[in-house]
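The structure under discussion appears below in the form of structure tokens.
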Amino acid sequence: MKLKLLLLLTPMCFFAQERVTTSSGKTVLLNSNYTWKYEDQKDSGLKPEYFKATSNSITAGLLDKIKIPVKNGEDQDVNVEFSFNSKTEEFNTISIEKIQRMIDYSRDFTMLRLKNKYSFIPRKVSIYYSNDRGGWAVIWDYTAKNSYGGEAQGSNVVMFDNEANKAYDVLEFPKKK
């Protein structure tokens, strides 16, 4: 019996992978046999043509409705309304990959605060640069099940620095000095 269990578990040790993100934002899969490869990036739904320049700002989804695919609590794509607004100088410090990372990290951050993360259904995500905080604010509107199993509407604000590596609750984000 122990031999059968050992034979069943042995192949799992050889295929274990760890997912890490490089400083440039690329995801790398590290294998237990000391090899690695870049993870195939799925199309995030964000396209450069969504971002429109005005005299001193960059916007997306404010005048024309833009929908992007975002995973719900059951890991299925849902088309979510997307909007973005920042001054041109702040937009130049970030990339579409970092914007996508902020969407993904803040979605996970929001889901973890729910009683039932599997009931999370995103409805709208908005991103803007907060001058008074000196960071990026990602605002989620969503529905989820409450303690009684009924649907409830909710919203959450998650803050990021320019590297988009760490999510902060809006009250925990360090104020601009």
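Observations on the structure shown:
- Take the Cβ atoms of Trp36 and Asp64, set R0 to 45 Å, and the FRET efficiency comes out at 0.65.
- Taking 7 Å steps out from each Cα toward its Cβ at Thr88 and Glu18 produces label points 4.4 nm apart.
- Area projected by the alpha carbon convex hull of region 48-154, averaged over all directions, nm²: 7.2 nm²
- Computed from the Cβ-Cβ distance with R0 of 35 Å, the FRET efficiency linking Ser55 to Arg123 stands at 0.65.
- Beta bridges per DSSP with both ends in region 69-175, % antiparallel, nearest 5: 85 percent
Quick note: the coordinates plus some simple rules give every number you see, no bench work behind them. Since the model is a prediction, treat every value here as computed from it, not as a measurement. Because the Cβ atoms are built from the backbone with ideal geometry, glycine has one as well, and the counts that use them run over all protein chains shown.
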